[in-house]
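The values are calculated or read from the model by the stated rules, or taken from the named source; none is laboratory data. Note that the coordinates shown come from a computational prediction; the quantities given were computed from them, not determined experimentally. Here the Cβ positions follow ideal geometry from the backbone for every residue, glycine too, while neighbour counts run over all protein chains shown.
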Amino acid sequence: MADRPTAREAIAALTADFTESAVPAGDTAGDGPLGWSGYAESRARATALTGEQESVVHGTATVGGRPCVLISFEFGFLGGSLGQRTGDRLEAAYEEAMTRRLPLVSLIATGGSRMQEGMIALTQLHRVARASARLRAAGPAQLAVLRDPTTGGGWATLGAGADVILAVPGAQVGFAGSRVRPADADPGAYTTEGQLAAGQTDAVVPPGELPAAVGHWLRLLAHREPPPAPAPVPAALSSAGLPRTGWDAVLRARSASRPHAEAYLDAYFTVRLPLSGDRCGGTDPGLLCGFGLHDGEPVAYVAQCGTATRPAGYRTAARVIRLADRLGVPVLTLVDTPGAANDAAAERAGAGAAIADAFAAIAAARVPVTTLVIGEGGSGGALALASPDNTHVTADSYFSVIAPELAAAILKRSPDQVHATAGQLRLRPQDLVDLGIARSVVRRDPPGQ
């Protein structure tokens, strides 16, 4: 692309506050580790064209008032490819982020590993993966911005390995670049939009909106050392009184007119940024995940929207909960599902393993998890996203081991006994408090914390 921004133009478009870090010492003389004829001349031409000595620039920056370590790729330097000296710079950037305990932001535009350095170039991916793992273990977040193109090892390490992945519209994104993929491959699969639909990225952000988006994310992803306070319980959005019977509770929870997840999230957060996809090729539009600001403090959220939750939804939820746990951010879950999806496609997509992963993420979380049941609490598919010790319910919700209709069928009861079965299940909000499953029935004013 003739109008592709350079590495420094990409930095300047994001922030005016950038200080380049010292370049690690390294031998760049001659034709490289393979003695590739003409490689020295190619590097010299790349430097003359771009003014850079390598394919990445790195340093410290402030974006949206938040400090970070910033990496920017120069595609004009041998296609933004990764060689040994590139690996030196990337490793130094990760090390600086770890030492300073700052998040790492990568502005990626790369065609992959540098052929002229052969396996030496390819093994730089090990270095990047190791540096990324060390930074993740230390706590700070990693955010990637996918420019055009983002392919090969750069996508499979800095890009796909980031905690939050943003991409500019229309960029080529994929492990296989345009010259090496199958001739009959669907080109749409290798685009920003295709990767978003496949659950591989979190959001498509126009270039002009990147400074605000990155700044918001850096605020929400700031690492916090002390254990955080639990996320406050949202106020109920309905003024409904307690249901008289179990079947009344079921009908209220299933009503299309009661408040759903979007309304609760809009009322709770002043800023809300979504995370999308399970990184395994799937998304679930019936599950909303991300980070937001409530009373000026970050809170991660996982919210069911009243549909059967797909395996991709549980995997996305587990990803968000684990990220929040690493960053020291409390979690809010909104439970509202008739249950986990149980069709053949869900089974083939690993429903059992995905639900188990969600249970495990909440069980292992060191940060507090707050749950509000806002509608249907359908069996294990709902319980997988519920806090074991801080769950609250609204007056227009229920929580049950199984739907009353299914319970009656399993017990070989006639259809006219469904209502009585609902009562026996003790699934009303007030029953759940009496049983110790829920702490409170939430009204329009939230309970004291």
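In the list LEU251, LEU287, which residue meets the criterion of being modelled with pLDDT of 95 or more, of a type in the set (A, V, I, L, M) and in contact with a Leu (Cβ under 9 Å, 6 or more places away or on another chain)?
LEU287
Can you confirm whether region 73-92 contains a residue that is within 20 Å of LEU221 (Cα to Cα), assigned by TED's automatic domain parsing to the domain that holds THR15 and in contact with a strand residue (DSSP E or B) (Cβ under 6 Å, 6 or more places away or on another chain)?
no
Scan region 340-350 and tell me whether some residue there is within 30 Å of ASP295 (Cβ to Cβ) and of a type outside the set (Ser, Thr, Tyr).
no
Restricting to region 191-217, name every residue that is in a helix (DSSP H, G or I) and among the aliphatic types (A, V, I, L, M).
Correct list: LEU196, ALA197, LEU210, ALA212, ALA213, VAL214.
Can you pull out the helices (runs of 4 or more DSSP H) entirely within region 261-367 that have at least 2 residues that are acidic (Asp, Glu) and either under 25 Å from ALA229 (Cα atoms) or not assigned by TED's automatic domain parsing to the domain that holds PHE399 (or both)?
261-268
Please list, ordered by first then second residue, the pairs with beta carbon atoms under 6 Å, 6 or more apart or interchain, first in region 274-294 and surrounded by fewer than 23 Cβ atoms within 10 Å (Cβ to Cβ), second among the charged types (D, E, K, R) and in a strand (DSSP E or B).
Between residues of region 274-294 that are surrounded by fewer than 23 Cβ atoms within 10 Å (Cβ to Cβ) and residues that are among the charged types (D, E, K, R) and in a strand (DSSP E or B), the close pairs are GLY292/ARG272.
Name, by its number, the condition in (1) in contact with a Ser or Thr (Cβ under 8 Å, 6 or more places away or on another chain); (2) part of a helix (DSSP H, G or I) that does not hold for VAL233.
Failed condition: (2).
Of these, ARG100, ARG43, ARG114, which one is within 22 Å of GLU9 (Cβ to Cβ) and either basic (Lys, Arg) or touching a residue at least 12 places away in the same chain (Cβ under 8 Å) (or both)?
Result of the check over ARG100, ARG43, ARG114: ARG43.
Determine which member of the set ALA324, ALA300, ALA308 is surrounded by 21 or more Cβ atoms within 10 Å (Cβ to Cβ) and touching a residue at least 40 places away in the same chain (Cβ under 8 Å).
ALA324
Could you tell me whether any residue of region 106-119 is part of a loop (DSSP other than H, G, I, E, B), among the basic types (Lys, Arg) and either in the same structural domain as ARG326 (by TED's automatic domain parsing) or crowded, with 24+ Cβ neighbours inside 10 Å (or both)?
Yes: region 106-119 contains one or more residues that are part of a loop (DSSP other than H, G, I, E, B), among the basic types (Lys, Arg) and either in the same structural domain as ARG326 (by TED's automatic domain parsing) or crowded, with 24+ Cβ neighbours inside 10 Å (or both).
Quick one: in region 177-212, of everything that is more than 14 Å from the chain's Cα centre (by Cα) and crowded, with 18+ Cβ neighbours inside 10 Å, which residue is farthest from THR6 (Cα to Cα)?
TYR190
For region 119-140, give me each residue that is out of contact with any Phe, Trp or Tyr (no Cβ under 8 Å at 6 or more places or on another chain), touching a residue at least 24 places away in the same chain (Cβ under 8 Å) and of a type in the set (A, V, I, L, M, F, W, C).
Passing the criteria: ILE120, ALA121, LEU122, LEU125, ALA129, ALA138.
Quick one: in region 336-368, which of the residues that are surrounded by fewer than 22 Cβ atoms within 10 Å (Cβ to Cβ) and of a type in the set (D, E, K, R) is farthest from PRO243 (Cα to Cα)?
Filtering first and then ranking leaves ARG348.
Among (1) more than 21 Å from SER238 (Cα to Cα); (2) at pLDDT 95 or above, there is one condition GLU405 misses while meeting the rest; what is its number?
With (1) more than 21 Å from SER238 (Cα to Cα); (2) at pLDDT 95 or above applied to GLU405, the lone miss is (2).
Within region 146-163, is there a residue that is of a type in the set (Val, Ile, Thr), part of a loop (DSSP other than H, G, I, E, B) and assigned by TED's automatic domain parsing to the domain that holds GLU91?
For region 146-163, residues of a type in the set (Val, Ile, Thr), part of a loop (DSSP other than H, G, I, E, B) and assigned by TED's automatic domain parsing to the domain that holds GLU91: absent.
Condition check ((1) touching a helix residue (DSSP H, G or I) at 6+ places or on another chain (Cβ under 9 Å); (2) in contact (Cβ under 8 Å) with a residue 24 or more places away in the chain; (3) closer than 24 Å to VAL105 by Cβ; (4) outside the structural domain of ILE374 (by TED's automatic domain parsing)) across all residues:
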| position | (1), (2), (3), (4) |
| --- | --- |
| GLU193 | no, yes, yes, yes |
| ALA198 | yes, yes, yes, yes |
| PRO207 | yes, yes, yes, yes |
| LEU210 | yes, yes, yes, yes |
| PRO227 | no, yes, no, yes |
| PRO230 | no, yes, no, yes |
| VAL233 | no, yes, no, yes |
| SER239 | no, yes, no, yes |
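If a residue must be in contact with a Lys or Arg (Cβ under 9 Å, 6 or more places away or on another chain) and surrounded by 17 or more Cβ atoms within 10 Å (Cβ to Cβ), how many such residues does region 222-234 contain?
2
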